[in-house]
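Contents: one structure, followed by commentary.
The values are calculated or read from the model by the stated rules, or taken from the named source; none is laboratory data. None of these values were measured; they are calculated from a predicted model. As a convention, Cβ positions derive from the backbone with ideal geometry for all residues, glycine included, and neighbour counts pool all protein chains shown. Calculation scope for accessible area: heavy atoms of the full protein, side chains included, ligands and nucleic acids excluded. Shrake-Rupley method; radii C 1.70, N 1.55, O 1.52, S 1.80 Å.
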Amino acid sequence: MVKTVAVVGAGASGLAAIKCCVDEGLEPTCFERSEDIGGLWRYKDNPEDGRASIYKSVIINTSKEMSCFSDFPIPDDFPNYMHNSKIMEYFRMYAQNFSLMKYIQFKTTVCSITKSLDFPTSGQWIVTIEKDGKQNKSVFDSILICSGHHTFPHLPLTSFPGIETFKGQYMHSRDYKGPEDFKNKRVLVIGIGNSGGDIAVELSRIAKQVFLSTRRGAWIVNRVSKNGYPLDILKSRFVYLLNKALPSSLTNYMAENAVNQRFNHDNYGLLPTHRFYSQHPTLNDELPNRIISGQVKIKCNVKEFRENDVVFEDGTEEKDIDMVIFATGYSFSFPCDESVLTVTENKVSLYKYVFPPRLEKNTLALIGLIQPLGAIMPISELQGRLATRVFKGLVRLPAAQTMIHDVAQKRQKMECRYVRSQRHTIQVDYVDYMDELASLLGVKPSLFQLFMTDPKLALKVLFGPCTPYQYRLMGPGKWSGARAAIMTQHDRIIKPTKTRALNKPSGDKSLLHFIQLCTMLILLVAFFPPLLKMLNIFSI
Ligand code: NAP
């Protein structure tokens with residue numbers, strides 16, 4: 001009999017999860033609280049209860065070749081870093097291409113997910129949904145929770161003495177939509193995650209003055225990297241392996257050195273005491289420009305609020321602050337009872353960040369509950385591929401004790417590497433984590449096999465960007481278009497910026513070749529005089 005799966009949420013993870021179910025011959029029913037797909041990425045002018053909310057200008061900070069679903073490349077003319085409206089366009093194309101819409105019940109809220117009475121034998125779940133004010137219960141064989149982790153604002157007002165006496169306005173970044181209301185105001189933004197950085201930069205063009213407060217500083221990374229390529233495509237499997245082989249003090253030093261070359265973090269008031277890889281990165285190409293032009297001033301943590309002013313921990317004071325934005329991150333929770341999932345300060349025990357390890361039957365999985373150094377969409381998709389194979393009994397998870405041990409080990413590693421903060425509880429490195437999931441699923445690309453059968457492709461896989469197509473080259477879910485997608489990924493990267501036809505002077509190349517030849521000759525003369533002597537070039 002075909003197994004039924006309840007998918008909670010029709011955002012990026014939910015869409016991928018529906019497709020994974022269909023691919024595996026399962027029967028998905030997706031419950032989406034709002035009236036449309038897209039989750040976090042669907043911009044609305046007003047924040048809605050129970051749904052993530054973004055500002056109008058949000059541009060994703062992972063590039064399109066790294067962010068796409070693995071069997072559906074993002075069109076070549078789409079920009080490398082997409083505005084949220086472009087991401088929505090891609091989701092709609094994906095949903096249409098794989099006919100996913102028919103599985104989604106909109107305006108339907110999942111109120112609770114509980115084990116059925118015979119759960120230890122059946123592994124089934126009772127899902128209570130609410131639609132048009134009426135509640136209904138249904139039984140499902142499995143559950144994929146894809147409801148995201150940026151819905152509930154973390155607003156730590158108790159850490160900010162005097163906030164109750166502050167006469168200006170304050171809000172969480174979740175409620176920030178655009179800069180219009182901030183014209184000529186003196187604004188304080190608290191928190192230097194990606195929201196805080198983006199908002200401070202955007203407001204600095206219209207506000208009288210923006211202050212950006214950070215309790216520990218941050219390393220600021222550029223989206224646009226060497227030769228104008230997107231940052232994330234530069235980290236190939238090879239570079240990744242090399243980085244892992246080097247001591248972390250060295251890789252940290254190299255990264256810190258690289259970002260300091262652009263601007264000195266000390267001089268810009270941003271230098272943290274922690275190392276580069278100990279914090280979730282803040283990507284912001286514009287922040288240093290706004291700081292050097294005085295429109296954004298970096299401040300340390302707030303000590304207290306007064307009626308109109310703010311006092312900082314270094315004793316400095318800023319008068320007449322009109323508005324404060326708490327860009328202090330998010331908390332998450334799920335509609336399951338505590339015996340299934342408990343979340344404490346954003347910590348949750350999940351094997352591979354997907355499976356609750358203590359269930360009698362592995363019939364529930366969380367998709368997209370992850371904060372990667374890298375793109376999240378392909379991760380959600382691979383988690384969905386794994387979960388659906390587990391539901392079908394085609395992949396067996398280890399015993400509970402082994403999973404619990406793995407969870408504990410991962411947590412310990414994370415706590416050692418990252419500074420203590422509730423934003424660092426679900427961190428993963430993209431390649432490591434994708435490979436880990438792929439190994440369980442049997443889709444990790446075998447470099448040996450590739451070098452034996454298709455060396456050209458093998459070179460791309462090893463030295464090119466670790467794009468999601470790599471996980472469609474072999475094993476279950478293999479896609480016949482994966483090779484072509486990898487071989488053409490570079491074309492799709494450069495196409496959207498090459499928008500002007502160039503008439504290159506024909507001499508350009510020969511000059512370049514001449515310079516290359518001269519350089520090679522100089523190197524030869526410098527490094528191989530004995531060889532040159534042997535060849536009698538300098539013989540008298
Ligand atoms: P976040 O990454 O959790 O950052 C929260 C910031 O607030 C951190 O600087 C944190 O400092 C600070 N903070 C938290 N509690 C505080 C307290 N009590 N006192 C002082 N500071 C406090 O939140 P976010 O920036 O909203 O980002 C959420 C997620 O969305 C991230 O994954 C981010 O990458 C993503 N995002 C992406 C984009 C984009 O793609 N363009 C834009 C925005 C956000 P500590 O580090 O000291 O804890």
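Looking at Gly374, Gly384, which is the one that is touching a strand residue (DSSP E or B) at 6+ places or on another chain (Cβ under 8 Å), in the same structural domain as Ser142 (by the TED database) and within 16 Å of the ligand (Cβ to nearest atom)?
Gly374
Only residues in region 228-242 that are touching a residue at least 24 places away in the same chain (Cβ under 8 Å) count as the first member; pair them with residues that are surrounded by 15 or more Cβ atoms within 10 Å (Cβ to Cβ) and basic (Lys, Arg), Cβ under 7 angstrom, at least 6 apart or cross-chain, and list the lot.
What qualifies is Pro230/Arg223; Leu231/Arg223.
Against the conditions (1) open to solvent by 20 Å² or more (accessible area, probe 1.4 Å); (2) part of a helix (DSSP H, G or I), where does Asn252 fall short? Just the number, please.
(1)
Could you name every one of the helices (runs of 4 or more DSSP H) located completely within region 374-489 that has at least 3 residues being open to solvent by 20 Å² or more (accessible area, probe 1.4 Å)?
In region 374-489, the matching helices (runs of 4 or more DSSP H) lie at 400-417, 430-441, 447-453, 455-463, 482-487.
Just a yes or no: is a residue in region 194-213 farther than 25 Å from Arg51 by Cβ, open to solvent by 60 Å² or more (accessible area, probe 1.4 Å), under 25 Å from the mean Cα position of the chain (by Cα) and not basic (Lys, Arg)?
no
Looking only at region 183-203, filter to residues that are within 16 Å of the ligand (Cβ to nearest atom) and of a type in the set (S, T, N, Q); which one of those is nearest to Arg223 (Cα to Cα)?
Selected residue: Asn194.
Checking Thr273 against (1) open to solvent by 40 Å² or more (accessible area, probe 1.4 Å); (2) in a loop (DSSP other than H, G, I, E, B); (3) away from the ligand (no atom under 12 Å from the Cβ), which test does it fail?
The single condition Thr273 does not satisfy is (3).
Report whether or not Glu89 is more than 16 Å from the ligand (Cβ to nearest atom) and modelled with pLDDT under 95.
Criteria not met by Glu89.
Any residue in region 405-420 that is touching a residue at least 12 places away in the same chain (Cβ under 8 Å) sitting within a Cβ distance under 6 Å of a residue that is part of a loop (DSSP other than H, G, I, E, B) and away from the ligand (no atom under 16 Å from the Cβ)? List the pairs, counting only those 6 or more apart or interchain.
Val407/Ser349
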